[in-house]
């Protein structure tokens, strides 16, 4: 059995006309300046925390806004492993990463990085509440849910953590990854044909965090116990949850 994936990156993909908007919002939302340029790849920009390693990035793409994830691994062995689990190869990005899609159609990358990494701490905001990007949620059409969940379990090697709602499954790697993975079964009335992903922020004060994000330009879509759904200024859904921001 392969060792658990040690690190997951979160990528916010936006067309060029929304890049500045996305950078400004997510830099303010995380509290991390957008100054992590990539050598040879001007389309990438990382949000750089004051402590710990960057794991949230903005990418300019030719297409509608979306969110994708990157898994750390070994290109020499893990591309074939992921294909055997059901991923569809899309081809190399450059010598450092390989692009695939999950069985339900979510784009993701396998990235070969040997640099040691450390999880950033949560941001503390005026008034004292804290928040951090702690979770990536994969939203899956109902008919594809079981196969997609099985794929991500095997692909990451992460452990299941109990959740109360039957439409969710959570995979975690507490030792090192800065984000956990939530897999959500969409309702039968959702028209999605392929899986998509969205970002969840964890906070110890949901009303305060929602109010802060609204001031930054997000729009509230719905509220329920323990979760508020918003849309960021670039048009991407996101959630504020009661997940502890220091997890």
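Coordinate-derived values only; no laboratory data. No experiment lies behind these values; they were computed from the predicted model shown. Heads up, the Cβs are rebuilt from the backbone with ideal geometry, glycines too, and the neighbour counts pull from every protein chain shown.
Tabulated results
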quantity	calculated
Spatial separation of Cα centroids for the range 160-195 and the range 101-117, in angstrom	17 Å
For the range 22-46 versus the range 208-244, the gap between their alpha-carbon centres in whole angstrom	20 Å
Cα shape, the range 38-165, gyration tensor, a/c 1.5 rule	oblate
Sorted by Cβ neighbour density within 10 Å, fewest at the top, the residues 19, 60, 115	115, 60, 19
Computed E for residue 176/residue 16 - FRET, C-beta separation, R0 41 angstrom, nearest 0.05	0.75
Distance-filtered residues of the range 85-109 - backbone nitrogen under 20 Å, label point 7 angstrom along residue 39 Cα→Cβ	93-98
R0 of 22 Å, Cβ-Cβ distance residue 51-residue 216: FRET efficiency to nearest 0.05	0.50
Rel. contact order, % - alpha carbon contacts under 8 angstrom, at least six apart, the chain	20 percent
The range 8-111, relative contact order [Cα under 8 Å, separation at least 6], %	27 percent
Residues 177, 27, sorted so that the one with the fewest Cβ neighbours within 10 Å comes first	27, 177
Relative exposure of 228, 219, 101, judged by other C-beta atoms within 10 Å (fewest first)	219, 101, 228
Gyration tensor (alpha-carbon) shape descriptor, the range 123-241, a/c threshold 1.5	oblate
Nearest-0.05 FRET efficiency for residue 147 and residue 28, computed from C-beta distance (R0 41 Å)	0.60
